[in-house]
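Any read-out appearing in this document is the output of simple, stated calculations on the displayed coordinates, not a laboratory observation. As the structure is a prediction and not an experimental result, all values here were calculated from the model. Note that each Cβ is placed from the backbone with ideal geometry, even for glycine, and that neighbours are counted across all protein chains shown.
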Amino acid sequence: MSEQKVTFRVFRYKQGDTAPHYDTFTVTVNERTTVLEALQAIRRDQDGTLVIRHSCHHASCGTCGMRVNGKEVLACVTNVLELGTPTVTVEPLQNAPLISDLVVDMGPFYETFSQAHLPFVRRSEYLPDAEVAEGVPFHMRFESCIECGLCVSACPVVASDAEYLGPAALAAVWRVVQEPRGTEVPPLLDWVNSEHGCWRCHVALECSEVCPSNVDPGGNIMALRQELVRRALGLSRG
Amino acid sequence: MLQETRVLHPVRRRGWKGWFAVRKRHLGYVAFALNRLTGLGLVLYLIIHLVVLSLLARGPETWDAFIELAKSPAFLLLDVILLAGILFHGLNGLRVILVGLGIGVHRHKELFWGLMLLAAILLIFGAWGFLVV
Amino acid sequence: MKGNGIQGISGAVRWLLQAVSGLLLIVLLGVHMIANHYIAAGGLRTYEEVVAYLSHPVVLAWEVIFLIIVTFHAVLGVRSVLYDLGLSPGTQRRLDRLVGLVGIGAVLYGLWLLWAIT
């Protein structure tokens, strides 16, 4: 495996700083090195005060969301050399309270998301013909959304409107409308039909571009709007 | 505890500047930024246009003098820019309506380019109409 | 959310009104531009030509409807852009009143101007 030195420009901020700054590190990488691995190497070998957060290392948990060269990604599956730039800029997610360096407070995200009643599972569309075990009506799977917050960081409306519900929560509401699973749908529809709900989306669709998990939050929001319009016109069961 | 710590943690939000922060963003974001820019530009134009029309109330001499001015090359160039803004906002607006209702969501980029092709054709015809007459 | 004025309408209806007015404008503005700048000799009308143009009832009606719809779309559009800044409820109410007044004012001004020259 050939190795190469890459420069990392890393956003740094500690509580009490008047402003953030960037630190530069040089890391030796190979064809398989990911941004997360490079950051861990920096923390281990060069600067133990670098604060990063991760868990699964394989794009399932959503913990390592950050901005690499200006774009929201999961650092654990972002290959350094494939970025193609001699310097890699690493910054935390936008639109979230900054705790330290590359770690943001996901509390507000979860607060909003939980008001969408946390749809976590759904009927699996991948196994329609498979035999189910006795007593099981059909196969289920986990929802694709891993609550990583990349969509919320990328959204231009979240950037200016702190009360906008945001793509993650709105997409979650659509999933509840698709499969209520006992949740009351009308109050949720009222919640998203509000001034800072799904009508504040301006179809930038950047959320769907950055989503690492095939959630297509933009598409979900449009489907939600279509449903709301149908109900407003009396074309759908209300 | 969490409530207290959140107060000390600044939220990095770009505000309205985020609407135009298109670096590294994809087509939909750029289209949004341009729609917003052209929309605000057209509102400004509307205000100017309505104010200019008040010259009509001042009678033929005042109005006709303005009309002579409006035939100058500088004005005509501005008119072409205006037409470009109108065509972009109107045709991209059509896309926003369709996609916003869940139609063509997953082909929104093709829809964009198709409508922009139409806009370019109309702009060429329209500008030729301004400049040749 | 039940309330007065613009906020009393649901988000879906407001969006639909903006969409419908936008679609209407494609036609209203299209005809307005063709009639005023392409059919008119020289692309611009002199005072006499303006008065003659507006003497046709259909033309006058078209321009009035155009004025109302374009003002509506512009006002609702600006309101939406400002709401994106995340305004407090008090500011929202004041803004709604302001844009409403500006919109009505613009239409009244246009109607006055049309009356003054015809």
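Distances over 26 Å make up what percent of all Cα-Cα pairs in the stretch A:107-232?
21
Quick one: if you take sqrt(5λ) for each eigenvalue of the C-alpha gyration tensor of the stretch C:5-117, what semi-axes come out, biggest first, whole angstrom?
Semi-axis lengths for the stretch C:5-117 are 33, 15, 11 Å.
For the stretch A:160-238, what does the alpha-carbon gyration tensor say about shape, rounded, prolate or oblate, given a ≥ b ≥ c as the root eigenvalues, a/c under 1.5 as rounded, and a/b over b/c as prolate?
Taking the square roots of the gyration eigenvalues as a ≥ b ≥ c, the stretch A:160-238 is prolate.
For the stretch A:4-104, which semi-axes, largest first and in whole Å, follow from the square roots of 5 times the eigenvalues of its Cα gyration tensor?
One finds semi-axes of 20, 16, 12 Å for the stretch A:4-104.
Within 10 Å of each Cβ in B:85-92, how many Cβ atoms from other chains are there, averaged over the peptide?
Going residue by residue through B:85-92 and averaging, the value is 2.
Can you list which of the GluC sites (Glu not before Pro) found in the stretch A:1-91 are DSSP loop residues with at most 12 other C-beta atoms within 10 Å?
Those that pass, being in a loop and sparsely packed, are A:E3, A:E31.
Could you give the Stokes-Einstein D for the protein assembly as shown in µm² per second, using the C-alpha Kirkwood radius, 25 °C, 0.890 mPa s?
96
Collect residues whose amide H, placed 1.01 Å from N in the peptide plane, falls under 5 Å from the amide H of A:F8; neighbours closer than 5 in sequence don't count.
A:F25, A:T26, A:V27, A:V88
With N set to the number of residues, divide the alpha-carbon radius of gyration of the stretch B:4-124 by 2.2 N^0.38 Å and report two decimals.
My calculation over the Cα atoms of the stretch B:4-124 gives 1.48.
Using only Cα atoms, locate the centre of the stretch A:77-95 and the centre of the stretch C:63-95, then give the distance between them in Å, rounded to an integer.
When both Cα centres are located, 40 Å separates them.
Where does each of A:182-189, B:39-46, A:198-205 land if you order them by average Cβ count within 10 Å, highest first?
A:198-205, B:39-46, A:182-189
Could you work out the local net charge near A:N69, counting Lys and Arg as +1, Asp and Glu as -1, over the other residues with Cβ closer than 14 Å to its Cβ?
+3
Sort B:K109, A:K5, B:K71, A:K71 by Cβ crowding within 10 Å, fewest neighbours at the top.
Ordered by Cβ neighbours within 10 Å, fewest first: A:K5, B:K71, B:K109, A:K71.
Trypsin sites (Lys or Arg not before Pro) within the stretch C:1-103: which are DSSP loop residues with at most 12 other Cβ atoms inside 10 Å?
Sparse-neighbourhood loop trypsin sites (Lys or Arg not before Pro): C:K2.
For the pairs A:K5/B:K109; B:K71/B:K109; B:K17/B:K109; A:K14/A:K71; B:K24/B:K71; A:K5/B:K17, flag any whose C-alpha to C-alpha distance is greater than 32 Å.
A:K5/B:K109; B:K71/B:K109; B:K24/B:K71; A:K5/B:K17
State the Kirkwood hydrodynamic radius of the stretch A:51-116 in Å, one decimal place, computed from all pairs of distinct Cα atoms.
After inverting the pairwise mean of 1/r, the radius is 12.8 Å.
Mind ranking A:59-66, A:23-30, A:222-229 by how tightly packed they are, going by the mean number of other C-beta atoms within 10 angstrom, highest first?
In decreasing order of mean packing, A:59-66, A:23-30, A:222-229 become A:222-229, A:59-66, A:23-30.
At 20 °C and 1.002 mPa s, what whole-number value in µm²/s does Stokes-Einstein give for the translational diffusion of chain A, with Rh from the Kirkwood sum over Cα pairs?
Once the numbers are plugged in, D ends up at 109 µm²/s.
Using Cα centres only, tell me the gap between the stretch A:18-63 and the stretch B:94-114 in whole Å.
Value for the Cα centre distance between the two parts: 38 Å.
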